[in-house]
Amino acid sequence: MKETVKICYVDDNQDLVLSEYLMGFSEQESNVLYDYTEHRFTRKDNYQTLLDNESLNEADIVVIDSWLFNSSEFQGEKLTGEQFKIVLRKIFPYKKTIVISQNQISDDSLTISKYRTSNVEQKSNEYYDEILKPLLEKYTKECIEERYLINTIAHSGTIDSVLVSKIEKNVEGLNDDTLIKKADLDKLIDLFQEVKGNYDD
C-alpha cells in the first residue's frame, strides 16, 4: 500500500505556474500517493486562522509565500513566510515548510524564488525541477521515515504511551495539548517585529 503525503500551497494570490507545477508533481507516477490542496489567504485571514486551517493542519509539506502577510489588503499582524515557518515549526515540528518568494533570494537562504517569465534560459518545469523538486522529494522521504520510526516506537513499548500518542497526534495535525496560546503568539510576533525593526534601522 502506498504512503500518502499531503502538500498544501498557501498564497494570497496563487501563482498559476507554481500551482500547475505542484499539481503535476503530485499527479506523477510514484511509489508515493500525493494529496495536493491549495488555500487562498484572504483579507479576513490572519496567522491564527491560518494555524486553524484544516488543509494546512493536515498537510505534511506546506509551501507558503514569503510576502503572504504583507498584502496591502491585509490589516492584521504582518509576518513574513519565513517567520511563520518558525511559528509553525514550534506548533507542528514534524511539518516541512518551503517558503517561496517573487523576490531575488540570496544564495545562503532556504527560501526559493518563484519562476520568472523573464527567465529565457529555462522553462518553468525545468526551473522547479532543479530547485523545488529535490526539496519535495527530500521532505517526502523524511515524512515517511518519521512515520515508520514513530510506528516502531509505538510498538516497542519502550516509550511512554502518552508521549507516543502526543507525537502521533502532532504528526496528524492535532496538537491540543501543546498549541501555543494566542497571547504567546502575540509576544512572539512582537519579538519578530522588534528584531525586524532593528534590522531595518
Task: Pair list, Cβ under 9 Å, 6 or more apart: region 37-66 residue on the phi > 0 side of the Ramachandran plot, other residue surrounded by 22 or more Cβ atoms within 10 Å (Cβ to Cβ) - done: none
Task: Residue ID - surrounded by the most Cβ atoms within 10 Å (Cβ to Cβ), chosen from residues in region 11-44 that are over 17 Å from Thr117 (Cβ atoms) and of a type in the set (Val, Ile, Thr) - done: Thr37
- [ ] Please state which of the following conditions Val17 fails to meet, knowing it meets all the rest: (1) in contact with a helix residue (DSSP H, G or I) (Cβ under 8 Å, 6 or more places away or on another chain); (2) in a strand (DSSP E or B).
- [x] (2)
TODO: Would you point out the residue of region 1-10, among those that are within 17 Å of the chain's Cα centre (by Cα) and without any contact (Cβ under 8 Å) to a residue 60 or more places away in the chain, that is farthest from Pro134 (Cα to Cα)?
DONE: Val10
TODO: Could you tell me whether any residue of region 20-37 is within 26 Å of Pro93 (Cβ to Cβ) and of a type in the set (D, E, K, R)?
DONE: yes
- [ ] Search region 139-155 for residues that are in contact (Cβ under 8 Å) with a residue 24 or more places away in the chain and pair each with any residue that is charged (D, E, K, R) and surrounded by 14 or more Cβ atoms within 10 Å (Cβ to Cβ) when their beta-carbon atoms are under 6 Å apart and the residues are at least 6 apart or on different chains.
- [x] Tyr139/Lys96; Cys143/Asp60; Ile144/Glu3
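No lab work stands behind these numbers, since they all come straight from the coordinates. On a predicted model such as this, the values are computed, not experimentally measured, just so you know. No Cβ is skipped: glycine too gets one built from the backbone with ideal geometry, and neighbour counts run over all protein chains shown.
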